[in-house]
Every structure is written in C-alpha cells, then in structure tokens.
DNA sequence: CCTTGTACGATTGTCTGACAATCCGACGCC
DNA sequence: GGCGTCGGATTGTCAGACAATCGTACAAGG
C-alpha cells in the first residue's frame, strides 16, 4: 500500500565530505599533479582529525586520483602517457562491448543514450561551465557501457574515467570546440539507430583515439610548462 | 650495467596483514555470509588497534568481500543471484574482449595463457587443495583478460573475481570434477591456436554459463541449509 | 490491538594525543 | 666520490575518549 519506495535520504559522513572536497580541488586543477597531500596539513586546514583525512585519502587512492607510497605519503597522481593509453584502451573495450549489444539491450538503456546526447547538445549550446560539459559528455559514454546490462561494468567504467578526469578537465578547459564533439556523438547514435553496428564501432573507435590524442597533448603541454617555470 | 631491475621488497604493513588474514578466513568459509565484522571484537582478537581494523575492513569493502552500512557496521557480503549474474556477464565481456584480440596480442600474453593451462592441469592431476585449484583456474581466466593488453582491465577482472570468490570456493569444495574443467579449457586454447576465434568464443561463453549455473546452485544449497539449521 | 514515546546497551564515527619506524637531506669523515 | 651519522619531518600504529546512531525492549495512550 504505502508508496514511499522512491524516497531515499543520502546521509553524509565527514569522510565523504572531505573526500568530495579534495576530489573537487583535484579536478578543478587547484593543485598540480605530484603535489604531496600531507595528513597534518589537510587536517588542520579542514578542521578535522588526522584519521578522518587518512580515510578520505584512502578513498581518493582507491579512485586513482591519488597515489600512496608506503611511509612516503599520498601524492596527486601524475598521469604518464602509458597510463592514459591503458585507460583509453580499457574504455574502448567496455564501450564497444556495450555498443555491440545495442540490439539486445533494454529499450530504456538505448533511450538513455539518446537522452544523454540531448543533454550534452543542450549544454554545449547554452555555453555551460567546462565541468558541466565534461559531466554531460561522460554520461554519454557511461550510457554506452550501461548497454551491456551489467551494473558492475558501469561502475568499472566510471572508476576508469575518474582516473583520467584530471586530464579530461585540462582538455575541456583548453578546447572550445564542443560543437564538433556533439556532432561526433550525434553521428554515432544515428548509425546505431540505423542498425549499422560496424559503422558505429568505427566512429566510436575513431572518437576515442581522438580523445586520447587530445589528452596526451594536453598532458604534454602541462608537463612542459611545468618544467619551464618550476 | 646494474642488473638489479628484478629485485623488489614487499612492504608489509599491519593493515595488509590483517586484511590478508580476514580475506583468507572469508574465502575458506570460516565465517558465514552475513556475519557482522565487529571492529572491537576483531581488534581484540587480532591484537591490533581499532583504527587498523577499520582500515583493513575498508580494503575488504572495496574488494567487495564485505559490505558497509553506515552506522551499522561491516558484514560479510551476501551474494544474491542477481549479483552473481551481473559479475558473470561482466567477466564474459572482459574475457571475450581478450579472446577476440588473440591474434593482435603479444606472443608473451598468448604464451602465458598456455602456461596457465599447464599449471592448472598439473594441479588437477596431483590433487592439490581446493584453494590452489581455484587459484590456478582463475589465473587462466586472468590470462585471457590480459590479452586485451590493458593492465587496468586485468585489475578490474580481478576485483570482479574477488567478489564471487566466496561462491567459487564453495563450488570447488563441492565439486570434484576438475578433470572436466581442464578438458574445457584445453579445448578452448586448441581452438584459439587453430585460429577459430568464433568457436573459441562459443566454448568460452558456454563455459562461463556453466560456471554461473554451478555457483547459483552452490549458493542455493548454502542458503537452504542455512535456513534449516539457523 | 496498534501506535507513539522513551530508556538503554551496543556499535560506529570522529576526535585527541602519543610514540616508534621510516624516510630525507645535510653534515662531517675517510 | 663514497660512507656513517644525526635531526627534522612524516607516516603507521596505538590507546582512550565521547557524541551520534541504531536496535530493542518496554511503558503509555488512543
């Protein structure tokens, strides 16, 4: 009888909030790659205990945004080109797997792909913030992986994208051609709706390779400027 | 000149050892699914501080072997059939992706598939412990995923496997037909070496479906016996 | 009978403070 | 240049404390 099924209350622990704040700071580029995240300094700055900071740092490390070296502390992850390539091939595997199940997937999942594209196009036209654009963009790719029907694969893809989110943020801050991006995804979905799986796979592969190249150049620029003005 | 590249020294923190011990206890079936893992009790039992236990529990939760409910503590994960199905479809995606890249993969990766098969066959004949058999078996599947060439996909597959390791252990303890298993994998690799990717894909799909069915029945048996003698 | 309010023990989440182990860099010595 | 040593900084781990929250039992009230 009672129809309160949809009600959820997200309760937030201190650790969650600390992790969220740190995540934001990292993704907004407020701290450079390689910066050490000292426990005591963070604890004093944020007004929480060191153990709380430790737990939050463990979360970030698990997400790949930071790296822990035993007895040497946690540092903001430095993305090397190999890691970017690795993540991109992994994403390609997952998204292509979803794409190939286009016809077997739930209609709801297919529709959420189209919906994500609409949101992205809308965000691109009403010049939203880079962060919002990135989020909208990524939700398209997440929707592709969701076509596999496996919630865990979706989570895995999300953790992969989290790892390169830093590089993605850089790219999106540099690049202003969101319109081209929208066009690429629109073409992808049109091919899918037309039933041309092979064509869509080619389009997606091309898109991902392009994205990888963009990230690599963005990283290269960052590391060069970092070395010139240390 | 210096050829000490291969030397590594494994750092063992207390947290690691606690997590390892708990993992072993869970996988050996020493604690039933759903059992609460109380921090104070564990701390006293293992002679370490509560904070250390907390960190170790966070590791297990991240691995999926345990589940945390806020303010209610950590419990040994109860595998429901949906979760098993989800993990199995995810594994199928990853392993099929590796399999389809058989020809493009490194020869070293192909060879490690064959090597894993040899180890498994050897373990099956010299009746090794169930735990060793499971490990050898899983390393075959890990080698398949490694064919994708992405280290991260390998890690993801491993975390997926960890989640159902509990059910796998149950299956391997019940089942005694390791010879059949060896035969199935041997057929798979022969198809691959013969270049018959489609045949290999069918064989692998069939094998994974069979494994899923086994796990589901094992889980069903466990839950029934659990309810009859609570 | 069913609902509401309350008291209590158990457990978690977080804080404080402490200390040994480890790492890093500098300094002095051979 | 290589080697031992010292000191500061930081982490890893520990012990103890307390409020917040949960589960349950129990009393009160319609």
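Inter-chain Cβ neighbour count for B:91-104, averaged per residue, equals 3 (cutoff 10 Å, partner chain atoms only).
Backbone N atoms of the range B:60-84 closer than 20 Å to the 7 Å Cα→Cβ label point of residue B:220 belong to residues B:78-84.
Based on the Cβ-Cβ distance from residue B:8 to residue A:45, what FRET efficiency comes out when R0 is 41 Å, to the nearest 0.05? Approximately 0.70, to the nearest 0.05. What shape does the protein assembly as shown take by its C-alpha gyration tensor, where a ≥ b ≥ c are the square roots of the eigenvalues and a/c under 1.5 counts as rounded, a/b above b/c as prolate, and the rest as oblate? Verdict is rounded for the protein assembly as shown. The share of Cα pairs per 10 Å bin across the range B:1-42, counted from zero up to the longest distance, runs 21, 37, 18, 13, 9, 2 percent. Placing a pseudo-label 7 Å from each Cα along the Cα-to-Cβ vector at residue B:38 and residue A:210 gives an inter-label distance of 6.0 nm.
Listed by Cβ neighbour count within 10 Å, with the fewest neighbours leading, A:126, B:159, B:13 appear as A:126, B:13, B:159. Take residue B:221, move 7 Å from Cα toward the beta carbon, and the resulting point lies 6.1 nm from the same point in each other copy, nearest first. Remark: the residue B:24-residue B:118 segment gains 31.3 nm on full extension, using 0.36 nm per residue and subtracting the alpha carbon distance. Summary of the geometry: the range A:102-153 and the range B:90-166, compared by the centres of their Cα atoms, lie 32 Å apart. Tilt of helix A:197-228 relative to the longest C-alpha principal axis of chain A, in degrees (0 to 90, nearest 10)? Compared with the principal axis, the helix lies near 20 degrees. To the nearest ten degrees, helix B:107-125 and the longest principal axis of the Cα atoms of chain B are 70 degrees apart. Here the gap between residue B:16 and residue B:82, fully extended at 0.36 nm per residue and compared with their Cα-Cα distance, gives a gain of 20.7 nm. Compute the long axis of helix A:130-146 from its Cα atoms, compare it with the longest principal axis of the Cα atoms of chain A, and write down the angle in degrees, 0 to 90, nearest 10. So the inclination is approximately 60 degrees. Site pair residue A:183 and residue B:68 shows an inter-label distance of 4.7 nm when each label is modelled 7 Å from Cα along Cα→Cβ. Short-range pairs are left out: with C-alpha atoms under 8 Å and at least six residues apart, the relative contact order of chain B is 21 percent. Anisotropy class assigned to chain A is oblate, per the alpha carbon gyration tensor with a/c at or over the 1.5 cut-off and a/b no larger than b/c.
Read the figures in this text as sums done on the coordinates, not as results from a lab. This one's a predicted model, so the numbers in the text were calculated from it and none came from an experiment. Cβ: placed from backbone, ideal geometry, glycine included. Neighbour counts: every protein chain shown.
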